[in-house]
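The values are calculated or read from the model by the stated rules, or taken from the named source; none is laboratory data. These numbers come from a predicted model, not from an experiment. Quick reminder, even Gly has a Cβ in these numbers, built from the backbone with ideal geometry, and neighbours come from all protein chains shown.
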């Protein structure tokens, strides 16, 4: 067996020294070890980025460091985790609790699931201070406000009394950072803290984490699958695949001169934010025309209190031609998904028109809209939430056609054909959604939408939470299907790099309005609106030029092990 790569960083006293760590999985898992023979160091005042696909063992390594493995089913089976010379693996549980959240802290990927929805955010930070410091009540409360202020949250004293659901995604992530830093840890673990955030919020969070890390000289282990983030902040990079470390070294070396085929394939799959799509003339009459669509939501109201108006759409107008892919780009809350859901009939706008082949969909009753549900289909952001876990994949795909009068036998046969079309085996029809990876579930969602033989596909953030390699595969699949079936597509995303790869036309939204619209090449090469320029400037790793020889189309799965 080939020897595993070793960490060449040898400081006098590393904060963390991982030696031959192996984490065993329960019987029946797809492999015996989640992490196998892992060795690396983390030094003071250093940012180590750990990259790899889902299932590579990144988060499992972090959970082992924090003592959060779901024992006894998943356990450390070998090796050591030396924190300042003390082995975390052999420490008593009480001692691990004292270190966890105190000397070693973690920012979790999804703050809404990590924060207690029934507790005010200030109380949750204070709970950590109560457990790990000797501060008294008034001192703890002052410290909470100081921490919320240090992470750039407005009105920290007032915000400390808010519940998590009242905050935006970026604000919740900042609360998580404040909680992790409250006890001034020696090691901070950040597990995909910016994955689902839009680029401007992501840049703010990255700048915040980096500045606090440098000021406090912490060791930071940053887990991510985004090489743009790696290029932005990393001192060193560790690349993992299927539980093993395949490459580790200085950021410049790994990003620009990677040695392992897997690393090279990962970097080759990174969307590079340059549009090479030819500007083809639009053919035929428009398939869909949105004219001055308006929508206002009212949030926070009660029985005797009017809700606060939030404008999600204000005079939105765009046109989609047959075979064209239009990208709708903007930050969270800009109104992108509101327009997409209005087009497929899930939201009723307050005004305007949505013309599909000349028919105003907004003028139709529910019964009148039903024939158009076949022609306009949607692929949702979270495939697991949008697929019924109690039904087999074949039944999920067949349900739509059966509801429109197709025989069950023919619909199920068509489901198997569509599974092959999206790159899955026909036998997948007999399995359930939980048996598939995130990328596979997204392929199933695409197959379900295609079962209705639509003319327009609305794809709402279909790849935002996927690994870069799976993301590339899904984008290539959508492009291939568009060409073969002649579909038009409205592609909703917050990532301009992704829009550059797949969109013919890009519309940039801000606060319910389209502020710029043009060909993908024009928007990227000569943006006219200041907001568009700010989005482009916020792309992580923008200054990093992917080596030309690594810009390839091969899938990561084809890389040599």
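Being in contact (Cβ under 8 Å) with a residue 60 or more places away in the chain, within 26 Å of residue 30 (Cβ to Cβ) and touching a strand residue (DSSP E or B) at 6+ places or on another chain (Cβ under 8 Å): is that true of residue 469 here? No: the conditions fail for residue 469. Based on what the data block shows, is residue 288 modelled with pLDDT of 85 or more, in contact with a helix residue (DSSP H, G or I) (Cβ under 8 Å, 6 or more places away or on another chain) and closer than 30 Å to residue 358 by Cα? So residue 288 passes the test. Among the residues of the range 443-471, those that are in a helix (DSSP H, G or I) and touching a helix residue (DSSP H, G or I) at 6+ places or on another chain (Cβ under 8 Å) comprise 443, 444, 445, 446, 447, 448, 450, 468, 469, 470, 471. Whether a residue is surrounded by 17 or more Cβ atoms within 10 Å (Cβ to Cβ), under 20 Å from residue 107 (Cβ atoms) and within 27 Å of the chain's Cα centre (by Cα) was assessed, and residue 53 does not pass this test. Residues that are in contact (Cβ under 8 Å) with a residue 40 or more places away in the chain and closer than 14 Å to residue 395 by Cβ within the range 424-456 comprise 432, 433, 444, 447, 448, 451, listed in sequence order. Looking only at residues that are in a helix (DSSP H, G or I) and touching a residue at least 40 places away in the same chain (Cβ under 8 Å) in the range 123-148, which one is surrounded by the most Cβ atoms within 10 Å (Cβ to Cβ)? The selected residue is 125. Could you check the range 10-40 and list, in sequence order, the residues that are surrounded by fewer than 17 Cβ atoms within 10 Å (Cβ to Cβ), modelled with pLDDT under 90 and over 28 Å from the mean Cα position of the chain (by Cα)? Once the filter is applied, which keeps residues that are surrounded by fewer than 17 Cβ atoms within 10 Å (Cβ to Cβ), modelled with pLDDT under 90 and over 28 Å from the mean Cα position of the chain (by Cα), the range 10-40 yields 10, 11, 12, 13, 27, 28.
Can you tell me which residue in the range 207-237 is surrounded by the fewest Cβ atoms within 10 Å (Cβ to Cβ), limited to those that are farther than 26 Å from residue 55 by Cβ and touching a strand residue (DSSP E or B) at 6+ places or on another chain (Cβ under 6 Å)? Step by step, filter the range 207-237, then rank; the result is 213. If you check 392, 408 for being in contact with a helix residue (DSSP H, G or I) (Cβ under 8 Å, 6 or more places away or on another chain) and under 25 Å from residue 55 (Cβ atoms), only one passes: 392. Might you let me know whether the range 151-167 holds any residue that is out of contact with any strand residue (DSSP E or B) (no Cβ under 7 Å at 6 or more places or on another chain) and under 29 Å from residue 239 (Cα atoms)? Taking every residue of the range 151-167 in turn, none turns out to be out of contact with any strand residue (DSSP E or B) (no Cβ under 7 Å at 6 or more places or on another chain) and under 29 Å from residue 239 (Cα atoms).
In the set (1) surrounded by fewer than 18 Cβ atoms within 10 Å (Cβ to Cβ); (2) in contact (Cβ under 8 Å) with a residue 12 or more places away in the chain; (3) in the same structural domain as residue 190 (by TED's automatic domain parsing), the condition left unmet by residue 80 is number (3). Each residue in the range 342-360 was checked for being in contact with a helix residue (DSSP H, G or I) (Cβ under 7 Å, 6 or more places away or on another chain) and either crowded, with 21+ Cβ neighbours inside 10 Å or closer than 24 Å to residue 502 by Cβ (or both), and 3 pass. Here the condition is being at pLDDT below 90 and not in a helix (DSSP H, G or I); of 152, 78, it holds for 152 alone. Any chance the range 57-68 includes a residue that's at pLDDT 90 or above, surrounded by fewer than 21 Cβ atoms within 10 Å (Cβ to Cβ) and assigned to a strand (DSSP E or B)? No, the conditions are met nowhere in the range 57-68.
To keep it simple, each residue is scored yes or no on (1) closer than 25 Å to residue 498 by Cα; (2) modelled with pLDDT under 90; (3) touching a strand residue (DSSP E or B) at 6+ places or on another chain (Cβ under 7 Å); (4) assigned by TED's automatic domain parsing to the domain that holds residue 377.
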| residue | (1), (2), (3), (4) |
| --- | --- |
| 293 | no, no, yes, no |
| 298 | no, yes, yes, no |
| 303 | no, yes, no, no |
| 310 | no, yes, yes, no |
| 313 | yes, yes, yes, no |
| 316 | yes, no, yes, no |
| 329 | yes, no, yes, yes |
| 335 | yes, yes, yes, yes |
| 340 | yes, no, yes, yes |
